[in-house]
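Some notes on the structure that comes next.
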Amino acid sequence: MTENKKFKQALFIFKICYLVYLLLAFNAFINGMAWMNAASYVITAAGLLLVLGMVFQYKRYRSAYNLWFLAAFILSYVISAALHLSFGVSGNLKGLIWLVLPILLGYISAFDMSGDEIRRELKWLSGIYIVYCTIANLVSLTMVCWGRRFDYTDGTGKIHSIGYRWNRLWGIYDDPNHGATISIIAMFLLIYLFSRTKKLWKKILAVLCFLINYLYLVLSNSRTGIVTLTAGVIFAGIVYAWIEKKSGRHVKRLILKLVCVIFAAGILCVGTYTLNEAYQPLDKKIVKLMNIKKTTKPVNKANRKKDLQKDYSNGRFEIWKNGLQIVEKSPIVGIGYRNIAGYSKEYFPEGYLVKNALGVQYDSMHNLELDVLVGQGVLGAGLFLILLGNTCIILYKRVHWVTCKDTAETIFSVSAAGALFVAGTFLSFIFYVNAPQNLCFWLFFGYAMRFCQLGEKEKV
């Protein structure tokens, strides 16, 4: 593992730069700046150079779990996109780039790292991610006072509707669901660092940072965020229980611990909703104290509740229904993920993706599984299921082989990646898009699989 040091350093620096770029890209105050556009080209060029470097050194990565399944999945995307280039070349090319970079540089690269190298990388990335998110969410929380129905126009002329609106905290993000899932990653990282540090002041600091990020989740009123956090806690409990069981621990005690974890996850889920409701009287006082009603348009705070009573999916069911219609028209290879907007406009002009009450032209399914089925058809969906099934088999057979010093990192990686996978049921990321959640998923997934591989080698 001591070989290839310079290339590994280049990969490490790229991961830091890439992560920072993606976090800033989801900051409404920054993502419209001219230098961000230039940064995207630099990141892309640097990433492709590193991918080329990995190709030249392919022997170092050929033992990666799921390698050929992922290669087949990428090939499936190329086929789907190539057959629908009439809807645009650049969009399909971007989709390919954002599909390949996180998989190769985030996931595959982990299989040339030792456990200590992963730990060092994880601590550095955790520190950067947590500092940024905590500051960003502190600013977001203050927008409860000064950012009511805040509209920000960036340098390109695009208007960002952010701040606090419709009884939800957007903060600095264009979408509170993205803000919530980004914050949850920070929360998982904080729990990991809390478990690893021995200094009291660091533990106290971690708790304070956790509370700031958790408060954003509460005020964002994001159901996706709550489900993601709850799922992550449950995954952590299941992986811990499985590792302990295979280590010879008493089964009844493990079942009791697992029940406690599930119960705690339930309390966390209900508690987040309860805290949001408890905040509402305070919100009214803030509005009255700051005389906000005189400077902003009045908002019917019951609107969201009424909308959810009519359609609890908040429009997702209609999106998915339209998506299935697209699948019926092109079932085998799909239409290419980046062609959803153009394809639906041409072939389903009266569908929900094109015509809806919000006047929005949707370009995704807001669902990972349906994104794959629509984008790559039965071929891509089949490969996706094989990839998922093989990953579950690897975890079932090998996760309990991880060494004691790697246990905390393994539990964190599996639970964080699993939580983000669940979030993908309601948001479009993991494949095809350029988002911090996307990169983090592939990093954590790579760490988890690599620790399983290292444990297997240690066992042998």
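The values are calculated or read from the model by the stated rules, or taken from the named source; none is laboratory data. This one's a predicted model, so the numbers in the text were calculated from it and none came from an experiment. Every residue, glycine as well, gets a Cβ built from its backbone with ideal geometry; the counts of neighbours run over all protein chains shown. Surface accessibility is based on the protein's heavy atoms, side chains included, excluding ligands, DNA and RNA. Shrake-Rupley method; radii C 1.70, N 1.55, O 1.52, S 1.80 Å.
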In the list Val20, Val78, which residue meets the criterion of being more than 30 Å from Phe150 (Cβ to Cβ), in a helix (DSSP H, G or I), among the β-branched types (Val, Ile, Thr) and in contact (Cβ under 8 Å) with a residue 12 or more places away in the chain?
-> Val78
Listed by first then second residue, the pairs whose first member lies in region 393-415 and is touching a residue at least 24 places away in the same chain (Cβ under 8 Å), whose partner is open to solvent by 40 Å² or more (accessible area, probe 1.4 Å) and assigned to a loop (DSSP other than H, G, I, E, B), with beta carbons under 9 Å and at least 6 positions apart or on separate chains, are His400/Ser247
Per the filter on region 26-47, residues open to solvent by less than 30 Å² (accessible area, probe 1.4 Å) and either in a helix (DSSP H, G or I) or of a type in the set (S, T, N, Q) (or both) are Asn27, Met36, Ala39, Ser40, Ile43, Thr44, Gly47
Please indicate, with yes or no, whether at least one residue in region 307-317 is at pLDDT 85 or above, part of a helix (DSSP H, G or I) and open to solvent by 90 Å² or more (accessible area, probe 1.4 Å).
-> yes
Give just the number: which of (1) of a type outside the set (Ser, Thr, Tyr); (2) modelled with pLDDT of 95 or more; (3) part of a loop (DSSP other than H, G, I, E, B) does Lys198 not satisfy?
-> (2)
For region 85-103, does any single residue satisfy the condition of being farther than 22 Å from Ser428 by Cβ, surrounded by fewer than 19 Cβ atoms within 10 Å (Cβ to Cβ) and of a type outside the set (D, E, K, R)?
-> yes
Within region 223-254, count every residue that is in a helix (DSSP H, G or I), exposed (fewer than 14 other Cβ atoms within 10 Å of the Cβ) and in contact (Cβ under 8 Å) with a residue 12 or more places away in the chain.
-> 1
For Ile184, are the conditions met, namely being of a type in the set (Val, Ile, Thr), open to solvent by 30 Å² or more (accessible area, probe 1.4 Å) and either in contact with a Pro (Cβ under 9 Å, 6 or more places away or on another chain) or not in a loop (DSSP other than H, G, I, E, B) (or both)?
-> no
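If you check Asn37, Asn31, Asn4, which single one turns out to be within 19 Å of the chain's Cα centre (by Cα) and modelled with pLDDT under 95?
Asn31
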Those residues of region 107-160 which are under 27 Å from Phe441 (Cβ atoms) and of a type in the set (Gly, Ala, Ser) amount to Ser109, Ala110, Ser114, Gly115, Ser126, Gly127, Ala136, Ser140
Restricting attention to region 81-110, which residues are touching a residue at least 24 places away in the same chain (Cβ under 8 Å) and among the polar types (S, T, N, Q)?
-> Asn92, Ser109
So which residues in region 137-180 are in contact (Cβ under 8 Å) with a residue 24 or more places away in the chain, more than 21 Å from the chain's Cα centre (by Cα) and within 20 Å of Met36 (Cβ to Cβ), if there are any at all?
-> Val139, Tyr152, Asp154, Gly155, Thr156, Lys158, His160
Consider Val333 carefully, then state whether it is open to solvent by less than 80 Å² (accessible area, probe 1.4 Å), touching a helix residue (DSSP H, G or I) at 6+ places or on another chain (Cβ under 9 Å) and assigned to a loop (DSSP other than H, G, I, E, B).
-> yes
The listed residue being under 22 Å from Ser126 (Cα atoms), modelled with pLDDT of 95 or more, open to solvent by 60 Å² or more (accessible area, probe 1.4 Å) and part of a helix (DSSP H, G or I), out of Leu141, Leu215, Leu189 | Leu215
